[in-house]
Amino acid sequence: MQPLLQATALAPTLVSASIPSPDWSGFDIPLPWGSLRIHAYALCILAGIVVGLWLTSVRWAKRGAPEGSVWDIVIWAIPFGIIGGRLYHVVSSPDAYFGPGFNGTGDLSLIPQIQRGGLGIWGAVVLGAVGAWIGCRRSGVKLSAFVDAAAPGLLLAQAIGRWGNYFNQELFGGPTTLPWGLQIDANNPNFPAGMPADTLFHPTFLYESLWNLAGVVILLALDRRFSFRRSRLFWLYAMYYTLGRVWIEAMRIDDAEQISILGITTRLNVWTSIFVFLAALAFFVILGLKGRPDPDTVYLAGQEPDQPVTAGPHSETVTEVRDPDNVVSDSDSRGNLPDNHSGSRHASDPTEEAAAAPAGSKPGTDATAAGHSGSTATGSASEAGTGK
């Protein structure tokens with residue numbers, strides 16, 4: 001009885017130190033035919049996309065990607081990702097849409113209502129990657145290079161988007177007495193039946209948000225140190241995220257598809273996280289054995305931009321090949337120039353040599369003799385100058 005009284009006395013203190021349930025979940029925009037409801041969940045998702053895109057665009061530009069290509073890629077990736085995320089959620093939690101055991105008692109009209117919550121990250125990543133591949137092909141860049149640039153931004157977007165679960169009061173964990181326990185309104189449809197109204201729950205949205213924020217810092221630090229290529233940073237992201245998702249998912253108490261493997265029954269998302277982790281680890285190791293790509297460029301083969309040829313230390317030197325018979329020596333070329341003082345040509349001019357040569361003599365012999373004579377005279381003059 002005494003422990004019960006102590007727990008009752010402690011309850012108000014725990015509630016006052018807990019995370020309060022939100023008293024705001026969105027706002028309405030009046031329209032001529034009614035109003036448009038803007039949900040806080042959607043705003044969190046949008047804020048995550050914007051911030052994640054900012055980080056991705058900064059990293060993508062540093063890789064030397066073509067200007068504006070990030071927008072050409074995400075215009076395909078985001079819609080595909082949203083559709084994939086919704087489809088995965090519907091498959092992994094089908095009761096609300098198809099009824100328990102697919103008995104037809106569900107409401108199919110709820111499937112497109114994503115503002116109510118429900119986007120599975122695995123479907124978003126898989127189908128989003130398909131959209132990104134389309135955008136990359138159209139932009140002439142490698143998907144592997146883009147996902148490496150986008151990995152930290154993707155984790156940052158998830159960290160912000162997770163707060164949408166808080167405003168929807170959904171996807172929380174089991175009961176807890178920790179001072180950061182989460183309050184859930186007792187009249188909320190997600191409140192577990194049969195529990196006291198003042199029960200506090202594990203804020204799994206907060207755990208995952210903090211885990212993801214720490215992952216952003218870790219990924220950026222590792223990439224700065226190792227400069228990962230060939231999509232290895234993306235697979236490192238997948239390993240990190242799934243490692244945290246396993247223990248966070250195991251804490252949740254919301255309805256989910258249960259899968260039995262090797263006699264172990266647990267949530268579908270837990271098994272998915274395990275398999276994705278193992279696959280990501282295998283890809284990370286295999287791609288690491290290939291080393292860095294050569295050349296290390298974000299462009300697809302044959303899609304590199306034209307580079308202007310400029311003179312520089314590494315520029316090509318074009319050598320002109322000429323016929324040896326037509327090569328004129330530098331001295332012969334200078335010999336054909338007029339003398340600056342007399343205006344006459346040098347004695348090496350063949351025409352003048354032939355005209356000045358005595359009859360019967362050989363021009364070549366005379367020219368040689370003249371050359372020797374000139375050399376002797378020059379040498380004498382030089383010696384006279386030095387002995388002066």
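Residues that are surrounded by 12 or more Cβ atoms within 10 Å (Cβ to Cβ) and among the β-branched types (V, I, T) within the stretch 23-67 comprise I38, I45, I49, V51, T56, V58, listed in sequence order. The single residue among I184, I218 that is touching a residue at least 40 places away in the same chain (Cβ under 8 Å) and β-branched (V, I, T) turns out to be I184.
Residues are listed down the side, and each one gets a yes or a no for (1) farther than 22 Å from G64 by Cα; (2) at pLDDT 95 or above:
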| site | (1), (2) |
| --- | --- |
| M239 | yes, yes |
| A256 | yes, no |
| T265 | yes, no |
| P293 | no, no |
| T310 | no, no |
| S315 | no, no |
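Please determine whether any residue of the stretch 96-118 is touching a Lys or Arg at 6+ places or on another chain (Cβ under 8 Å), under 18 Å from G84 (Cα atoms) and crowded, with 19+ Cβ neighbours inside 10 Å. Working first, answer last.
The initial filter retains those residues of the stretch 96-118 that are touching a Lys or Arg at 6+ places or on another chain (Cβ under 8 Å), namely 110-112, 114-115, 118.
Checking the rest, the ones that are also under 18 Å from G84 (Cα atoms) come to 110-112, 114-115, 118.
Those left that are additionally crowded, with 19+ Cβ neighbours inside 10 Å: 118.
There is at least one residue in the stretch 96-118 that is touching a Lys or Arg at 6+ places or on another chain (Cβ under 8 Å), under 18 Å from G84 (Cα atoms) and crowded, with 19+ Cβ neighbours inside 10 Å.
It is to be established whether one or more residues within the stretch 86-101 are aromatic (F, W, Y), within 26 Å of T266 (Cβ to Cβ) and under 29 Å from the mean Cα position of the chain (by Cα). Give the steps one after another, and end with the answer.
The first filter runs over the stretch 86-101 and keeps only residues aromatic (F, W, Y), leaving 88, 97-98.
Then keep just the ones that are within 26 Å of T266 (Cβ to Cβ); that gives 88, 97-98.
Then drop every residue that is not under 29 Å from the mean Cα position of the chain (by Cα), which leaves 88.
Within the stretch 86-101 (the criterion being aromatic (F, W, Y), within 26 Å of T266 (Cβ to Cβ) and under 29 Å from the mean Cα position of the chain (by Cα)), the answer is yes, since at least one residue qualifies.
What's the number of the condition A151 fails, among (1) crowded, with 22+ Cβ neighbours inside 10 Å; (2) modelled with pLDDT under 95; (3) part of a helix (DSSP H, G or I)? Among (1) crowded, with 22+ Cβ neighbours inside 10 Å; (2) modelled with pLDDT under 95; (3) part of a helix (DSSP H, G or I), the lone unmet condition for A151 is (2).
Annotation for the stretch 218-225: no member residue is β-branched (V, I, T) and part of a loop (DSSP other than H, G, I, E, B). Comparison of F228, F205, F167 shows that the only residue that is in contact with a Ser or Thr (Cβ under 9 Å, 6 or more places away or on another chain) and not aliphatic (A, V, I, L, M) is F167.
Does I134 meet the test of being β-branched (V, I, T), surrounded by fewer than 21 Cβ atoms within 10 Å (Cβ to Cβ) and at pLDDT 95 or above? Steps first, please.
On the way: β-branched (V, I, T): yes; surrounded by fewer than 21 Cβ atoms within 10 Å (Cβ to Cβ): yes; at pLDDT 95 or above: yes.
Judged against the criteria, I134 is a match.
Taking the numbered list (1) closer than 23 Å to L219 by Cα; (2) touching a residue at least 60 places away in the same chain (Cβ under 8 Å); (3) surrounded by 15 or more Cβ atoms within 10 Å (Cβ to Cβ) in turn, A77 passes all entries but (2). Looking for something modelled with pLDDT under 90 and either in contact with a Lys or Arg (Cβ under 7 Å, 6 or more places away or on another chain) or of a type in the set (K, R) (or both) - is there at least one such residue anywhere in the stretch 63-81? So far as the stretch 63-81 goes, no, none of its residues is modelled with pLDDT under 90 and either in contact with a Lys or Arg (Cβ under 7 Å, 6 or more places away or on another chain) or of a type in the set (K, R) (or both).
The residues of the stretch 58-80 that are assigned to a helix (DSSP H, G or I) and not aliphatic (A, V, I, L, M), listed by number, are R59, W60, K62, S69, W71, D72, W76, P79, F80. Can you name every residue in the stretch 196-217 that is loosely packed, with under 15 Cβ neighbours inside 10 Å and not in a helix (DSSP H, G or I)? Across the stretch 196-217, the qualifying residues are P196, A197, D198.
From the list L87, L55, L4, which residue is at pLDDT below 95, of a type in the set (A, V, I, L, M, F, W, C), under 20 Å from A129 (Cα atoms) and assigned to a helix (DSSP H, G or I)? Break it down stepwise before answering.
Details: L55 fails: at pLDDT below 95; L4 fails: under 20 Å from A129 (Cα atoms).
After ruling out the rest, the residue left standing is L87.
What do you reckon, is G106 under 30 Å from D254 (Cβ atoms), in contact with a Pro (Cβ under 9 Å, 6 or more places away or on another chain) and not charged (D, E, K, R)? Taking the combined requirement at face value, the residue satisfies it.
Which one of these is in contact with a helix residue (DSSP H, G or I) (Cβ under 9 Å, 6 or more places away or on another chain) and farther than 19 Å from A256 by Cα: G101, G118, G140? Full working, then the answer.
Working: G101 fails: farther than 19 Å from A256 by Cα; G118 fails: farther than 19 Å from A256 by Cα.
It is G140.
The values are calculated or read from the model by the stated rules, or taken from the named source; none is laboratory data. Note that the structure is predicted; figures quoted are calculated from it, not measured. Heads up, the Cβs are rebuilt from the backbone with ideal geometry, glycines too, and the neighbour counts pull from every protein chain shown.
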